[in-house]
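Chemist: This is the structure, below, for whatever I ask next.
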Amino acid sequence: MTLLNISQKIYISVAILGGLIVLTLLFVLFYKNFLKGHRLKKLVGYKLYRFSNLNDYLLLHDYYVNIDDKSKGLVDHILITNKFIVVINDYQVSGVLSGDYSSEQLKVTTNKGEKLIANPLNYNRNLTKRIALFNDLDNSFLKGVVVVNDDAVINIDNIPAQYNICTVSELKKLIKEFDKEEVKPFKEDTVVRFINNLSDKNSRGMNR
């Protein structure tokens, strides 16, 4: 067996060290993004909690919806107002979010360049429609909202009234606008039936 010379040992050591540094940086980046997303979810949940208490609305968190036979989607918050069931998903984004509401991908632009991401509005709209379907609700009773962090810039075209996107600071105003719409308020049995259909194991919290 040929022993490694000093230069080979140094090369291997540097390669290993470089690999460890890259892995560490990737972990730090991933963990940083995870923390940002977690903070956003807690912030939105707290604001919705206060808003629901002030208006006597019903608030639920972390509801899983069947997408197909093999997968489920997560709704971060469900707010039941006097007129609508509002299905809310949080999305952490850095930069300018642009594109068409119905496109498969949206563009995120920062000072470092551009990248394409899966359109979170499509995900939220899909979950909202499935909640209506699985609970035998008229789809017009539901609203879908994607909430992004306040330092994000939203530049989305052709956003419809039923499915929307806003920053955290705009969320309460948007929900108030929903309840100004000329629709009949919920019948009590409709709300009770919907709540009874929600599995307790799929909802970690309920506040009134």
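None of the figures in this text is laboratory data; all of them are computed from the coordinates on show. Worth saying up front: this structure is predicted, and the values here are computed from it rather than measured. For neighbour counting, all protein chains shown are included, and Cβ atoms are generated from backbone atoms with ideal geometry for every residue, glycine included.
Chemist: Determine, for each peptide in 141-152, 171-182, the mean count of other beta carbons within 10 angstrom over its residues, then list the peptides with the highest first.
Modeler: The packing order, highest mean first, is 141-152, 171-182.
Chemist: Starting from the 7 Å offset along Cα-to-Cβ, what nm value, one decimal, do you get for the label separation of H38 and T167?
Modeler: About 2.5 nm, to one decimal.
Chemist: State, as an integer percentage, the relative contact order of region 94-145 based on alpha-carbon contacts under 8 Å between residues 6 or more apart.
Modeler: Once divided by the residue count of region 94-145, the mean separation gives 23 percent.
Chemist: Can you give the FRET efficiency to the nearest 0.05 for D138 and N53, using r as the Cβ-Cβ distance and R₀ = 25 Å?
Modeler: 0.35
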